[in-house]
Structure formats: structure tokens, C-alpha cells
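Colleague: Structure provided below as C-alpha cells; questions to follow.
The values are calculated or read from the model by the stated rules, or taken from the named source; none is laboratory data. Predicted, not measured: the structure shown is a model, and the values here were computed from it. Positions of Cβ are generated from backbone atoms using ideal geometry, with glycine treated the same way; all protein chains shown enter the neighbour counts. What goes into the accessible areas is simple: the full protein's heavy atoms, side chains included, and nothing from ligands, DNA or RNA. Shrake-Rupley method; radii C 1.70, N 1.55, O 1.52, S 1.80 Å.
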Amino acid sequence: VDTSKEMLDVLNIHVISSISTTTIKQMVFELYDYNNNVCGICCAVPFVYDVESIKYGTDINEALKKIYSEVYEVAKEIQNNRNIPIIATGHLYANDLEGRLSNSNSSIKTDDGTRILDVLGNIGNVKTEVFMENFDYVALGHIHYTTRVSKKENIRYSGSPFVLGFDECNLPHYVLDVDINTNKDLSKKIIVNKAEVPV
């Protein structure tokens, strides 16, 4: 992926492939709307392998919390008191999910032979506190269905918009439309609408 990074940058596509080859500052960048106005700041944290997390801490939660804290500090500097949201991403398996995969002790096999809980090392034991309360929205990837984390409106998996395994054939798939209101005077900060993808 790194080999095509420069070409993708020209197309305004940011690729953050590994925490080993990317600095904290490179993970944080501004987002632009169709009129080329800054509409947000993205903290793009890639999948973190156990061996990569060691320089941030021996415990995966401790390491990830440090990483998210550091990208947030960079994002705050870039935000510079502008009224724009700070959005974090992550590729991991968080605790306390709603729905299909919420039972972390599950050993049920799916139709294509993989475990219901798709976990690599300790990355499947990530606590909600890792993301702190500072991010306006946390967009996560790793599992294929739509769910909130710890019932929080602003920490979610969008899931895949299409079927990736035989066991998912009868599951609804969605695209999330997320509206983030940065006006602190309004009580409803996050509005998420789910559009179901037709099969």
C-alpha cells in the first residue's frame, strides 16, 4: 500500500498503512468539503499489531490510549479553536458491542469456517475508554455489521455495505450518514441515519 501512497495523495486519498512507518503527525489531516472548505479533522489510526504497540505500552489498551491521546493533541493544534469536528478512525475489535457479536466468549463457527469472534492477539479486548471523551466521532472497522460500542452514539462500526461471508447473507447491511453538530449549546450533537443497502 505504501508504494502507491504518493499517487493516491494526488487523488486526495489518504493511506495510513502501518503505525511502524507512519508518524503521529502523519495520521492527522484536515478534511475538505466540495467547496474546498475545511469541514473536519481526521485522526486515522491504522490496525495496530501487538508487536507494534510495545513502544507505546505493554498492555494493548494502554498503548492505544496513548496513541489516540497523541493524535488528539495534534488534531487540537490543527483545529486551532475552529468550530470543526475531530473524527478518529480505528481498525480493531472493541469490547461491549451490541448485537450479533456481543458475546466475546463465543466459539460458534460461521458458515465459512471462521470463528464468530474474529480476533488477532489482544486486539480483541479494546475498551471504550481508549477513545476518551474528546473525539466528536469514532469510526471503527474490523467487523462486518453495523453496531454501536458501549451504546455510545459517537463510537460505531459502520460495517460492510455488502456481504463478505456466507453467514452474513441474511443480515441487513447499511451505509451510515453521520451529522456532527459542533455547536455546544445544542443537546443533540450526533445524528446518525442508517440507509439499508439493497441486496
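Colleague: Work out the FRET efficiency for ASN35 and LYS66 from their Cβ-Cβ distance, taking R0 = 30 Å, and round it to the nearest 0.05.
Modeller: 0.25
Colleague: Find how much the distance from GLU6 to VAL163 grows on full extension, using 0.36 nm per residue of separation minus their present alpha carbon separation; answer in nm with one decimal.
Modeller: The GLU6-VAL163 span can extend by a further 53.4 nm.
Colleague: What is the distance in Å between the Cα centres of segment 28-47 and segment 73-99?
Modeller: 11
Colleague: Quick one: with all protein chains in place, what share of the accessible area of segment 22-91 is carbon or sulfur, to the nearest percent (1.4 Å probe)?
Modeller: 50
Colleague: Are there chymotrypsin sites (Phe, Trp or Tyr not before Pro) in segment 1-74 that DSSP marks as loop and that have at most 11 other Cβ atoms within 10 Å, and which are they?
Modeller: TYR34
Colleague: Among GLY159, ILE180, VAL199, flag the residue with its Cα farthest along the positive direction of the charge dipole of segment 140-199, charges on Cβ as +1 for Lys/Arg and -1 for Asp/Glu.
Modeller: Farthest along the dipole direction, towards plus: ILE180.
Colleague: Whole-Hz Karplus ³J(HN,Hα) for segment 162-167, in order, using 6.51 cos²θ - 1.76 cosθ + 1.60 and θ = phi - 60°, x for Gly and Pro?
Modeller: Listing the rounded values in order: 9, 6, 10, x, 4, 6 Hz.
Colleague: Here is a further query. Using the beta-carbon distance between GLU77 and GLU133 and R0 = 22 Å, what value does 1/(1 + (r/R0)^6) give for FRET efficiency, to the nearest 0.05?
Modeller: That pair, GLU77 with GLU133, gives E of 0.70.
Colleague: Quick one: putting +1 on the C-beta of Lys and Arg, -1 on the C-beta of Asp and Glu, what dipole do you get for segment 1-75 around its Cα centre, in Debye to the nearest 20?
Modeller: 60
Colleague: Here is a further query. Counting only protein chains, not ligands or nucleic acids, how are SER20, SER69, SER160 ordered by accessible area (probe 1.4 Å), most first?
Modeller: So the residues, ranked largest to smallest area, are SER20, SER69, SER160.
Colleague: Taking a ≥ b ≥ c as the square roots of the Cα gyration tensor eigenvalues, with a/c under 1.5 meaning rounded and otherwise prolate when a/b beats b/c, else oblate, which class fits segment 1-56?
Modeller: oblate
Colleague: Further question on the same structure: Under 5 Å between amide hydrogens, which residues at least 5 positions from GLY141 or on another chain qualify, with H placed 1.01 Å from N in the peptide plane?
Modeller: GLY90, HIS91, LEU92
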